[in-house]
1. Could you work out the equivalent-ellipsoid semi-axes for segment 204-245, taking the square root of 5 times each eigenvalue of the Cα gyration tensor, largest first, in whole Å?
2. Out of residues 5 or more away from residue 238 or on other chains, whose amide H comes under 5 Å of its own, with H placed 1.01 Å from N in the peptide plane?
3. Give me the 1.4 Å probe accessible area per residue for segment 138-236, excluding ligands and nucleic acids, in Å².
4. With the convex hull built on the Cα atoms of segment 237-338, state its orientation-averaged projected area in nm².
5. May I ask for the distance between the Cα centers of segment 126-180 and segment 222-295, given as a whole number of Å?
6. List the residues whose amide H sits under 5 Å from the amide H of residue 80, counting only those 5 or more places along or on another chain, with H placed 1.01 Å from N in the peptide plane.
7. Quick check: convex hull of the Cα atoms in segment 80-145, volume per residue, rounded to a whole Å³?
8. List the residues, sorted by chain then number, that are 5 or more residues from residue 195 or on another chain and whose placed amide H is less than 5 Å from its amide H.
Amino acid sequence: MKLPITRHHFVMPVLSLILGISALSCAGIAFAQSKANEKFPDRPISLIVPFAAGGPTDIVARLIAVPMGKSLGETVIVENVLGAGGTVAATKVAKAKPDGYTLFIYHIGMATAPALHDKLAYDPMKDFEYIGQVVDVPMVLLARKDFPPNNLKELIAYLKKNGNKVTMANAGPGAVSQLCGLVFMDAIGVKLTTIPYKGTGPAFNDLLGGQVDLLCDQTTQTLPFIKSDKVKTYGVTTPKRLASLPNVPTLDEGGLKGFDVKVWHGIYAPKGTPAPIMKKLNTALKVALSDPAIKARMDESSIDIVPMAKVSEPGLKDHLEKEINRWGPLIRKANIPD
Ligand code: MLT
């Protein structure tokens, strides 16, 4: 007897075939991904720095790139992507392939950018994975060597008289040098002429050369020049004096009560970077930060390596969220132009 052939007889086997193929291809993709995770890294990794070479962020990046690379068995290459206080680089990383080969080091600017820029092409809390915090860096208020005031009291009096003629360098909107300058100007009630650069590396060179008057910069690149009197130093931005500069008062001691600016840094990867790769990157960062030679170099510049608990996803992500909530309202209130 011949059975009737219905649509069902065609549809079911075809459907099973399609489902079978797609299950196989999903398994294939998962297998390829797990192989890629296992092999990671098998080529150099790029660590993007959002400011100019030779500046504080660049110096920290180059210091940790070497031991991180050693631990991973591949070179970590530092790449400087400049512009808009770090947000050009952040945009590039947010859109990069999430395969672990593009990493990003950014400081407190990751938290201040959303309030500073009307249109930001990325969301710091949604478009990244968080490898960990790295270091905390104090800042110092500096002037060119032949700038007339000799201490903070004289500086404030001088700026109240000559403010509009005085230039203060910074590394652009969202840079911590800009933030420190804004807090300083607000504290003394004087508006200075600000000069933006693409990083405090070039800004500091111009301070040394006498082309600009003032700069608030991190200790990372400035300490040897402070110690050898190549610049004038008015105070450190932290509530306590620094072990490396015991004779330099804090700005708080000098009369700017409550002045407290410190720069934290984190390392990020694009959203979607696989968890096994994130784990390898986090381990490499911990190894780098535990290296005694790195610790000694950081100590020389009064840079604090963060406690290991902060070298973690929650250690960075939670801190970033708190910092966005801390700076956002202050920046919006200050009405800083984009
Ligand atoms: C730099 O590396 O040039 C600085 O971190 C810039 C800044 O934020 O002041």
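1. 19, 11, 8
2. Placed amide hydrogens put 139, 251, 261 under 5 Å from residue 238.
3. 40 Å²
4. 9.1 nm²
5. Measuring centre to centre over Cα atoms gives 15 Å.
6. The answer is 49.
7. In segment 80-145, the Cα hull volume divided by residue count equals 135 Å³.
8. It is 168, 169, 170, by chain and number.
The values are calculated or read from the model by the stated rules, or taken from the named source; none is laboratory data. Just so it is clear, the structure is predicted and the values come from calculations on it, not from any experiment. Note: ideal-geometry Cβ built from the backbone for every residue, glycine included; neighbour counts use all protein chains shown. These accessible areas exclude ligands, DNA and RNA; they are computed on the full protein's heavy atoms, side chains included. Shrake-Rupley method; radii C 1.70, N 1.55, O 1.52, S 1.80 Å.
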